[in-house]
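All remarks here apply to the structure that follows.
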Amino acid sequence: MDIRIGNGYDVHALAEGLPLWLGGVRIDSPLGCIAHSDGDVAIHALCDALLGALALGDIGHHFPDTSDEFKGIDSKVLLERTVAIVSAAGYRVGNADITIAMQRPKIAPYILRMREILAGIMGVPVSAVSVKATTTEKLGFVGRSEGCEAYAVVIVSREDAADGGKAGISGK
């Protein structure tokens with residue numbers, strides 16, 4: 001079995017009066033992300049991790065912020081397209097672990113719904129998607145509520161086509 005690990009990161013500035021989307025969920029907040037798309041840092045980091053696992057570039061390469069096609073786009077669509085790219089390369093998502101850093105609002109009440117949405121898009125069980133939230137103890141741009149950031153790590157895999165994956169499973 002061919003197993004790959006990918007790492008992703010995204011950051012966006014925050015401003016009043018914009019919607020805040022995290023992990024595919026609209027968060028009740030007076031601050032939202034300034035972005036070309038909907039600014040969902042969690043999904044953007046996840047897309048980068050998936051693409052990075054296969055050395056396929058980054059989200060900006062596949063979905064450039066200079067393209068009108070992606071202006072205001074729902075990041076769930078970007079994740080769907082990224083998963084399709086991963087699938088077309090012969091891989092499937094094993095699991096994902098995402099950390100969102102934001103001083104406020106508290107996002108713990110939204111985490112289960114984020115996990116459900118992300119798992120559904122990636123075609124994995126909810127138990128294969130971890131979403132965690134943290135503050136920066138009021139330090140830095142995140143601590144001053146000037147921005148938010150997210151980190152993601154994923155594992156993707158494919159069975160060895162030559163033996164149908166039996167060598168990876170049996171160890172022979």
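Numbers at a glance
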{"read-out": "For segment 27-127: Kirkwood Rh in Å [reciprocal of mean 1/r, alpha carbons]", "value": "14.4"}
{"read-out": "Net charge contributed by nearby residues that have their C-beta within less than 10 Å of Cys33 (K/R +1, D/E -1)", "value": "-3"}
{"read-out": "Average accessible surface area per residue within the chain, 1.4 Å rolling probe, Å²", "value": "49"}
{"read-out": "Heavy-atom SASA rank of Glu159, Glu149, Glu137 (probe 1.4 Å, accessible area, largest first)", "value": "Glu137, Glu159, Glu149"}
{"read-out": "Thr82 accessible area, 1.4 Å probe, all protein chains in place, Å² to nearest 10", "value": "0"}
{"read-out": "Viscosity 1.306 mPa s, temperature 10 °C, Stokes-Einstein D of segment 1-79 from Kirkwood C-alpha radius, µm²/s", "value": "122"}
{"read-out": "Share of carbon and sulfur in the accessible heavy-atom surface of the chain [1.4 Å probe, %]", "value": "55"}
{"read-out": "Where only C-alpha atoms are counted, convex hull volume of the chain per residue in Å³", "value": "112"}
{"read-out": "Theoretical ellipticity at 222 nm over the chain - DSSP helices of four or more residues, -39500 (n - 2.57) apiece, nearest 500", "value": "-8500 deg cm²/dmol"}
{"read-out": "Proximal lysine pairs, segment 19-140, alpha carbons under 23 Å, eight or more residues apart or interchain", "value": "4"}
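The values are calculated or read from the model by the stated rules, or taken from the named source; none is laboratory data. Predicted model, so just to flag it, every value in this text is computed and none were measured. Heads up, the Cβs are rebuilt from the backbone with ideal geometry, glycines too, and the neighbour counts pull from every protein chain shown. Surface accessibility is based on the protein's heavy atoms, side chains included, excluding ligands, DNA and RNA. Shrake-Rupley method; radii C 1.70, N 1.55, O 1.52, S 1.80 Å.
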